[in-house]
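Have a look at the structure below, then the notes.
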Amino acid sequence: MENDYLKNIGQRLRFVRSIFNEGKKLSTEQFAHLLGESRDNIANYEHARASVPARVLIELYKRGINPTWVLTGDGDVFTNNLQGKQRRKLMKERGIDMSEIKELAKVEFEEHKEVKVLKVAAGKIKNRGT
């Protein structure tokens, strides 16, 4: 159950990265640099291998992203602070409809829930080098 929770947070974090650069996607490395994190840390958060720490949520908030939305999916993607208002305004100026993007993101997130994990057993592997 907790892993599902972390997966949902990771998916929302990937969504944020996909719109973070004035409506365009940043690489994991670029996003990490802006947040003062390592690329590996961001990848771990996005792939549910680690929880997103408060310092990242605070940094996102300072840049106009709503931490409550990142954690729960509730509310607006953007904050009501100056940075969030600027991000929202920029999206409107570029003709990007956030409601459509959020709906597409939900569909994409729900599709990921359908993935089945298969367990595969490997037999004995002989070491041919010795």
- [ ] Could you tell me whether any residue of segment 46-65 is open to solvent by 30 Å² or more (accessible area, probe 1.4 Å), outside any loop (DSSP other than H, G, I, E, B) and closer than 18 Å to ASN3 by Cβ?
- [x] no
Task: Matching residues, segment 66-86, being assigned to a helix (DSSP H, G or I) and free of Cβ contacts under 8 Å to residues at least 24 places away in the same chain - done: PRO67, THR68, THR72, LEU82, GLN83, GLY84, LYS85, GLN86
TODO: Working carefully through the options ILE9, ILE19, find the one that is within 18 Å of LYS85 (Cβ to Cβ) and open to solvent by less than 30 Å² (accessible area, probe 1.4 Å).
DONE: ILE19
Task: Flag for GLY84 being modelled with pLDDT under 95 and either hydroxyl-bearing (Ser, Thr, Tyr) or at positive phi (or both) - done: no
TODO: Please enumerate the residues belonging to segment 7-45 that are acidic (Asp, Glu) and assigned to a helix (DSSP H, G or I).
DONE: GLU29, ASP40
Open item on the list: Could you go through segment 87-100 and let me know if any residue there is part of a helix (DSSP H, G or I), modelled with pLDDT under 80 and surrounded by 13 or more Cβ atoms within 10 Å (Cβ to Cβ).
Closed with: yes
Open item on the list: Between a residue in segment 22-41 that is in contact (Cβ under 8 Å) with a residue 24 or more places away in the chain and any residue that is among the acidic types (Asp, Glu), which pairs come within a Cβ distance under 9 Å, given they are 6 or more apart or on different chains?
Closed with: LEU34/GLU59; LEU35/GLU59
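The values are calculated or read from the model by the stated rules, or taken from the named source; none is laboratory data. This structure is a prediction, so every number in the text was calculated from the model and none was measured. Note: ideal-geometry Cβ built from the backbone for every residue, glycine included; neighbour counts use all protein chains shown. Calculation scope for accessible area: heavy atoms of the full protein, side chains included, ligands and nucleic acids excluded. Shrake-Rupley method; radii C 1.70, N 1.55, O 1.52, S 1.80 Å.
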